[in-house]
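Okay, structure first, notes after.
No lab work stands behind these numbers, since they all come straight from the coordinates. Computed from a predicted structure; not experimentally measured. All Cβ positions, glycine included, derive from the backbone under ideal geometry; neighbour counts span all protein chains shown.
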Amino acid sequence: MFVRILLVLMVLAAVIGALAYIKYSQIQSEIAMFSQPMPAPTVTAVTVAMTAWEPTLEAVGTLQAIQGVEVNNEVAGQVTAITFESGAMVKKGDILVRLADEVDRADLEGLQAAERLARIKVDRNRSLLKDRAVAQGDFDEISAQLDQARAQVKAKQATIEKKTIRAPFDGQLGIRRIDLGQFLAEGSSIVPLQTLDPIYVDYALPERHLGLLRVGQQVQVRVSAHPDRTFDGVIRVISPGIDQGTRNVRIRAGLNNPDLALRPGGFARVATLLPREDAVITIPREAVAFNTYGDAVFVIREEDGKTLVERRQVRTGAVRGEEIAVLEGLAAGERIVLSGQVKLGNAQEVRIVDARNDTPAVGTSEPETKPETESEREAERLPEDTGT
């Protein structure tokens with residue numbers, strides 16, 4: 001019995017020892033693996049350049065028609081004719097709608113007859129007044145009746161004229177809102193009318209830029225409907241006051257719009273062009289790490305055969321597209337990290353790769369190449385196998 005127990009204990013001890021040895025080997029392998037130095041992170045680089053720079057002030061705005069109204073009627077009436085098509089281009093004075101005016105024209109004939117009778121009375125009494133056959137007061141009363149008859153004729157003619165509704169200015173019509181035979185009360189909406197060429201864009205800039213703005217200054221406008229086009233314009237009006245709520249100054253620029261690509265109410269990105277500067281350091285915006293403590297870039301330097309990066313604070317300026325001006329902190333010719341800044345620290349070694357194909361850039365250490373074919377690998381092993 002004792003021998004059996006001893007054998008069982010010996011077997012258990014052997015199993016436990018084997019498991020302990022295996023675990024110990026695993027721990028040693030992991031320690032060896034983590035003790036190896038981490039490979040240098042890969043980044044892309046760009047060279048700082050001195051370029052000609054045309055800074056801009058970026059803003060968002062809204063396109064506005066130079067003239068835009070909702071055409072309506074001044075007097076009530078029934079629609080007897082619609083002489084336009086929705087979306088048509090019209091000229092000032094073109095007839096759009098006619099309202100029923102038969103009753104008004106009949107009234108006009110009666111008023112014109114009363115005017116003629118009053119004129120006859122005045123002519124007759126003027127000759128009698130010379131012979132003192134009529135009193136001056138009676139003649140004055142008859143003359144006033146003639147003036148009143150003329151005024152009534154003109155008023156009725158104006159009412160008839162208002163029943164022919166015309167375009168108040170050149171422009172493009174919208175979608176009509178009336179139908180033939182419909183009775184229109186005074187002020188009913190008939191059709192929108194807007195002048196599209198030229199067109200305005202209204203936007204705002206912070207008050208600190210007011211000293212850089214002037215009437216006639218060039219602007220460039222982009223819209224979502226035409227992302228590949230840039231529309232040129234000039235500042236027409238700078239608001240004399242500053243909005244107390246936003247501390248912004250309102251600006252209106254004018255743009256030519258011959259192909260009607262820009263439409264009122266559209267969203268626009270506006271770039272106000274500032275005077276050109278011929279020697280400005282610019283870098284891609286992607287290379288700058290923006291934060292509340294200041295902007296920074298990683299400058300690349302060579303030290304003891306290694307490629308290291310150094311975090312450096314910079315002062316940035318105006319932005320133009322994907323480029324940003326650097327006012328302080330960099331010199332032309334220096335190389336900086338373009339992408340991969342998140343994983344970097346100060347004085348860290350890096351490996352620079354070409355951003356286009358992710359291969360090491362010129363001047364950087366390349367990894368050891370390995371034979372690509374089986375024959376090359378066999379040739380590489382051959383000296384070792386033959387013992388030479």
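Structure values in brief
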{"read-out": "Relative contact order of the chain, defined on C-alpha pairs under 8 angstrom at six or more residues apart (%)", "value": "24 percent"}
{"read-out": "Burial order of peptide ranges 247-257, 338-348 (average beta-carbon count within 10 Å, highest first)", "value": "247-257, 338-348"}
{"read-out": "The stretch 67-183: equivalent-ellipsoid semi-axes (sqrt of 5 x gyration tensor eigenvalues, Cα, Å)", "value": "45, 14, 9"}
{"read-out": "Ratio of the Cα radius of gyration of the stretch 101-162 to 2.2 N^0.38 Å, where N counts its residues", "value": "1.35"}
{"read-out": "In the stretch 94-195, the GluC sites (Glu not before Pro) that fall in loop regions by DSSP, at most 11 other Cβ within 10 Å", "value": "Glu186"}
{"read-out": "Segment Ser25-Gln313, length gained on full extension (0.36 nm per residue, minus Cα span)", "value": "98.9 nm"}
{"read-out": "Angle between the chain longest axis and helix 102-130 axis [Cα atoms, degrees, rounded to 10]", "value": "40 degrees"}
{"read-out": "Segment Asp147-Asp295, extension gain: residue separation times 0.36 nm, minus the distance between their alpha carbons", "value": "45.1 nm"}
{"read-out": "Extended-chain gain in nm, criterion 0.36 nm per residue less alpha-carbon gap, Asp94 and Ile175", "value": "27.5 nm"}
{"read-out": "Förster radius 30 Å - calculated FRET efficiency between Arg116 and Thr164 (Cβ-Cβ, nearest 0.05)", "value": "0.75"}
{"read-out": "Volume in Å³ per residue [convex hull over Cα atoms, computed for the chain]", "value": "431 Å³"}
{"read-out": "Surface/4 of the Cα convex hull for the stretch 1-160, nm²", "value": "37.2 nm²"}
